[in-house]
Structure formats: C-alpha cells, structure tokens
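Down below is the structure, laid out as structure tokens.
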Amino acid sequence: MTTLQIYDRALCCSTGVCGPEVDPILPQFAADLQWLASRGVQVERYNLAQQPQAFVANPMVQQRLQQDGTDCLPLVVVDGTICHAGSYPNRSQLQEWTGVKFLTSSLSIVSESHS
C-alpha cells in the first residue's frame, strides 16, 4: 500500500475555503486526496498551524524546513521519499507517484449532419 504524506503550510483548514483568500487549487487537491484514499492509498495530511509536532517528528521534513524555510511547503512525501516541494501537485503527478489511475471522461462527441 502506498503512503502519501502532505505537509501543508499553516492553513485554517485542509480545503483552504475558510480563509480570507481562497486558493482554487486546494479544494481540488483535497478532493483528489480523498479519492486516492478511497482507492487504498494511505493519505496523511499535516497542517503546520495545527500539527507542528508532525513536522518535527520527521527528520527529513525537519531538515528541509531548516534548509529552505516554509517556502518548501507543501511537501509531498511518498513512501518515505520527498517527491515534491513548494506547490501542490497535479493529478498526473499524484497518479505517477501512487500508481492509481484517475478516471477520465470517455464520452464521444457525435456530430449530426443535416441535409
């Protein structure tokens, strides 16, 4: 089973919709993580404002924070390896790291010709 850990910058909540400035990426990212969890990926998400002990408890994360400061957040760790830093990954990156394929629409466009 793949373990995906997200070390977020200080947020009011994981969706980011309750703060003064809504980051449009956060709700989609939260939905992607929820979908991955429903497909068997172990998803762990830590918020610097609410769970600072999780950042200190992981030596790799702590070292990266000491080196780059909070600019490295969010950090994405997959099975113990930092795979991404400084921004939220997109679906294709999550798919690549977890091996879980996101569903895509396969609707065909039908054209009618009128004579």
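If only residues of the stretch 19-77 that are acidic (Asp, Glu) and at pLDDT 95 or above are counted, the one that is nearest to THR2 (Cα to Cα) is GLU44. The set of residues from the stretch 78-96 being touching a helix residue (DSSP H, G or I) at 6+ places or on another chain (Cβ under 7 Å) and not in a loop (DSSP other than H, G, I, E, B) comprises VAL78, ILE82, CYS83, HIS84, ALA85, ARG91, LEU94. Scanning the stretch 51-76 for residues that are closer than 22 Å to PRO27 by Cβ and within 16 Å of the chain's Cα centre (by Cα) returns LEU73, PRO74, LEU75, VAL76.
The values are calculated or read from the model by the stated rules, or taken from the named source; none is laboratory data. As the structure is a prediction and not an experimental result, all values here were calculated from the model. We place every Cβ from the backbone using ideal geometry, glycine too, and count neighbours over all the protein chains shown.
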